[in-house]
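Here's the structure we're looking at; comments come further down.
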Amino acid sequence: MNAVLSTAPLRNWLLKRPDWLERETVVGLVFSFKTFAASLLALFIAFWAALDDPRWAVLTVFVVSQPDSGLVVAKSFYRMLGTVAGVLVSIALVFAFAQYGELFLASLAAWIAFCCFAARTARNFASYGFQLAGYTVAIVGLPAALEPSGAYPLIVARFTEISLGIACAALVSRLVFVRELRPKVVALVHDLTRRADHFAALAIDPAADRECIADERAQLTKDFVAVEEMQQSAFFESADARLRYNAQRELRDAAVELCAVAEGATARRVGPVPHPATTRLRGLICDANDTPAGNGAVVSTLVRAADDQAVARARARLRQSVTAFERGEDLPEPDAADVFWPDPVGAALSAIRAVLAIAITSAFWFATAWPNGPTAVVVAAIVCTLFATMQQPDKIALACAATVLVAAAPVFVTQFYFIPVAVDFLSLAVALAPLLLTSGYILAQPGIGPLGMLSAVYFTYASSINNVMSYDAVAFFNSSFAVLVGIGVGGLLFAAFFPDTQVSASRRFRRQILFHLSRLAGARRPDVRGYERALCEQLWTMLARLKDQPAAAQGCLARAVAGLSAGQAIGRLRAANDAGTLTPAIATKGSGLLDQLSRILLHPSPAKFVKAAWAARALRRDALAAARVTNKTEEIEALGDVLVGAETLRSDLMRARVLMQEDRNVLRN
């Protein structure tokens, strides 16, 4: 036993990864060599198996490769699903419409439009799967439709080559210098919980610096989305990661709940405590004078006490979740849907852009009888599909076009000067090494990674690597020009056709809050926790988009805080009504207020907000009067919830009225 204990530290030391392996430069170099090795493995197998077009295997390796192994496995899994779906649709379209060129292109555009719409209404790798299902049809189906007699073998060949690239990338990523996401997820979850607890303490402290609270709020929302994305990827790494997935999710949700409760308390915590604290609700109400000043003090005290209790409960849940996470246990979680707020307007615009891109490039192809026209159509479809879910897609398209222009020279040199001197596979690997290793290193760098992937994809596509090479400079320049045309058409559509600007994104974010708040108010069993999680996720997306516009970002934060606070008030009112202890008159007024609010939020205006705020004030007054004349403990508690919920809604509606008036003044100016 002692011998085992004595050798454990030695074994741990031997298995420990050196710190220098985590340096950014070393990580980039290791990833570059891993990706290059995976691409060579895919190319060698494709040559050995005499596949039709080996370049697609190499291209796929660079498309799915990521520095973290879990990301590669997750991306490969959804890429395979999207590829299978795209191949099946390609078979259907080719065998149904290959004889009718215009009808085939129309069907292709319709399918890609559907996938663009679905990609904008999904998230994470599910969105990526829809993108793959869309442009795989363009990659596989269009060449097959041009040669209907050999369509089926060509489709099978493309599927085999793409599957080979996916398998090689996943294999090398999981066997060589593995970088797992799970330790990062665990560290980020712990940091998120500590930051959430610190933020809650700052939020309810009247002396806290408001700028410090704003910084903490922005970092919290960023960490929340980062944890969500990493958890989805780490799920594919190992059995241990899957076993700890629920515990991590519960802990993250507890942190989000604490932040949401603290946000609501912060919005209402102004000035000192207006009334001495008391533990008995009945005594607090009856001891106060039945005057506007006395009733106002009672309401303010009850609201503050309710906020303190909510923060304390959320903190207790967070501590319980941390304990369960450390022990590897799962807590019983109440039913709460994993809510995601899609953007149907943005999704519809993305679908229309894809249709227009295919129509424009196809018209140019038909009008000029350009041999490389199909390449332009495919690239335009890929650009409109991939960039639809990214921020500032017009600038990304411009960067991609610049990357193709810059990479054209090294790609030309590699294809026409390095590859021709290769006499075997080893010398071919040496010829490919400078360009592919550089592309792999760029791919590992945050922010510019897609440009490295594009340079590798551009090279493998333009060079047409095969067992028997052909060196045609005219074909090379034609292919490069077709790639630029496809990128240019997509970029122009993103910039000119209802561009997705920061202002329009902020406006849609505000509409999303109002719409989902309306649904929450109209629901008989509102899922407040799911609403809070979805709102926090959308908030971080907006903060990332508006990072260069502090004023607009602050406006989105203010609206999100009001939305969180109103959601909690709606949940409190609905819970009090469902308790069954209220008098029919109060219960009817509470339900009527929520129904009225649900209708108003669908077609809001400052005047309607004021009207609803007065209705909330009347409900608060009636609840306070009813509490003075009843002796039932359960009814008093329920009336206290009604009173707090009504007052919270009143203040939120008045704040929303001010925010909406500010928006209208900005539009006028």
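The slack in the chain from T368 to D205, taken as 0.36 nm per residue of separation less the alpha-carbon distance, amounts to 51.7 nm. Model label sites at S591 and R327, defined 7 Å from Cα along the beta-carbon direction, differ in position by 4.2 nm. Modelled spin-label separation between E637 and A359, with each label point placed 7 Å from Cα along the Cα-to-Cβ direction: 6.3 nm. Seen from a random direction on average, the alpha-carbon convex hull of segment 123-199 projects onto 7.5 square nanometres. Spread over its residues, the convex hull of the C-alpha atoms of segment 87-160 is 66 Å³ per residue. The distance between label points at A348 and Q392 comes to 2.8 nm (points 7 Å beyond Cα on the Cα→Cβ vector). Surface composition of segment 408-498: carbon plus sulfur atoms hold 75% of the accessible area, using a 1.4 angstrom probe and ignoring ligands, DNA and RNA.
Hey, which of these cross-link pairs are over 26 Å Cα-Cα: K34/K395; K589/K632; K184/K395? From the list (K34/K395; K589/K632; K184/K395), the Cα-Cα distance tops 26 Å for K34/K395; K184/K395. Classified by the C-alpha gyration tensor, segment 580-627 has an oblate form. Its axis ratio a/c, with a ≥ b ≥ c, is 1.5 or above, and a/b does not exceed b/c. Looking only at segment 632-648, which residues have a backbone nitrogen under 12 Å from a spot 7 Å from the Cα of A575 in the C-beta direction? Counting backbone N atoms under 12 Å from the label point, the list is 638, 641-642, 645. Taking θ as phi - 60° and the Karplus parameters 6.51, -1.76 and 1.60, the scalar couplings of segment 442-458 work out to 5, 4, 7, 8, x, x, 10, x, x, 5, x, 4, 5, 5, 5, 5, 4 Hz in sequence order, x denoting glycine and proline. Computed over protein heavy atoms with a 1.4 angstrom probe, the accessible surface ordering of L29, L105, largest first, is L29, L105. Between Q320 and A523, what FRET efficiency follows from the Cβ-Cβ distance if R0 is 25 Å, with the result rounded to 0.05? Using R0 = 25 Å, I get an efficiency of 0.35. The listed peptides 62-68, 579-585, ordered by packing as a protection proxy, come out as 62-68, 579-585 (highest mean of other Cβ atoms within 10 Å first). Compute the FRET efficiency between A496 and E102 as 1/(1 + (r/R0)^6), taking r as their Cβ-Cβ distance and R0 = 41 Å, and round to the nearest 0.05. Calculated value: 0.95. Ligands, DNA and RNA excluded, the heavy atoms of R559 present near 30 Å² of accessible surface to a 1.4 Å solvent probe.
Principal axis analysis of the Cα atoms in segment 463-537 yields extents of 69, 33, 17 Å, listed in decreasing size. Sequentially through segment 602-613, phi angles give Karplus couplings (6.51, -1.76, 1.60; θ = phi - 60°) of 6, 9, x, 7, x, 5, 5, 5, 5, 4, 5, 5 Hz, Gly and Pro residues having no value and appearing as x. Of the peptides 434-447, 32-45, the order by per-residue mean of other Cβ atoms within 10 Å, starting with the highest, comes out as 32-45, 434-447. By the gyration tensor of its Cα atoms, with a ≥ b ≥ c the square roots of the eigenvalues, what is the shape of segment 430-574: rounded for a/c under 1.5, prolate for a/b over b/c, or oblate? Prolate shape, in that a/c is at least 1.5 and a/b is the bigger ratio. Averaged over its residues, segment 332-459 has an accessible area of 44 Å² per residue, based on protein heavy atoms and a 1.4 Å probe.
Residue-wise HN-Hα couplings along segment 303-313, as the Karplus relation 6.51 cos²θ - 1.76 cosθ + 1.60 with θ = phi - 60° gives them from phi, are 5, 5, 5, 5, 5, 4, 5, 5, 5, 5, 5 Hz; Gly and Pro carry x. Peptides 406-419, 199-212 ordered by packing proxy, namely the average of other Cβ atoms within 10 Å per residue, highest first: 406-419, 199-212.
The residues neighbouring D578, those whose beta-carbon lies less than 10 Å from its own, together hold a net charge of +3 under the Lys/Arg +1, Asp/Glu -1 convention.
Subtracting the Cα-Cα distance of A187 and S504 from their residue separation scaled by 0.36 nm leaves 110.5 nm.
The values are calculated or read from the model by the stated rules, or taken from the named source; none is laboratory data. None of these values were measured; they are calculated from a predicted model. Counting neighbours? That spans all protein chains shown, and the Cβs are built from the backbone with ideal geometry, glycine included. Areas reflect the complete protein model, heavy atoms only, side chains present, ligands, DNA and RNA absent. Shrake-Rupley method; radii C 1.70, N 1.55, O 1.52, S 1.80 Å.
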